[in-house]
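I have placed the structure first, in the form of structure tokens, so that the comments after it can refer back to it.
A short reminder: the numbers here are calculations on the coordinates, not readings from a lab. Please read these numbers as outputs of a predicted model, since none were measured by experiment. FYI the Cβ positions are ideal-geometry reconstructions off the backbone, even for glycines, and counts take in every protein chain you see.
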Amino acid sequence: MMTTAIQTDFPYDIIYRSATYELAKQAGFNDENIWSVVEGDDNVFTYGPPHHFINVIYWVVTKEAHDHNTYYEEDE
């Protein structure tokens with residue numbers, strides 16, 4: 001499978017924010033709606049599937065599901 005990185009503002013409304021993946025799951029959300037947020041160099045934030053745990057600063061939940069291959073890179 002190809003991974004796609006899109007450099008744009010995160011396009012979805014965040015309905016829940018969590019310090020840990022486990023808390024998002026305990027709140028009743030499905031994996032396809034949980035996004036990991038990683039802070040990279042120069043304040044670039046990458047939103048991607050929840051299976052990331054290294055350098056994740058928090059997890060967010062959206063109504064929209066992800067495909068586990070698309071990442072959004074947002075420069076703040």
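Paramagnetic label reach from ASP9 (point 7 Å along Cα→Cβ; backbone nitrogen cut-off under 15 Å): within segment 39-66, residues 45. Report note on the peptides 46-56, 63-73: ranked by the mean count of other C-beta atoms within 10 Å, highest first, their order is 46-56, 63-73. Each of VAL44, ALA19, ILE6 was scored by the projection of its Cα onto the charge dipole of the chain, and the greatest displacement toward the positive side belongs to ALA19; charges sit on the C-beta of Lys, Arg, Asp and Glu.
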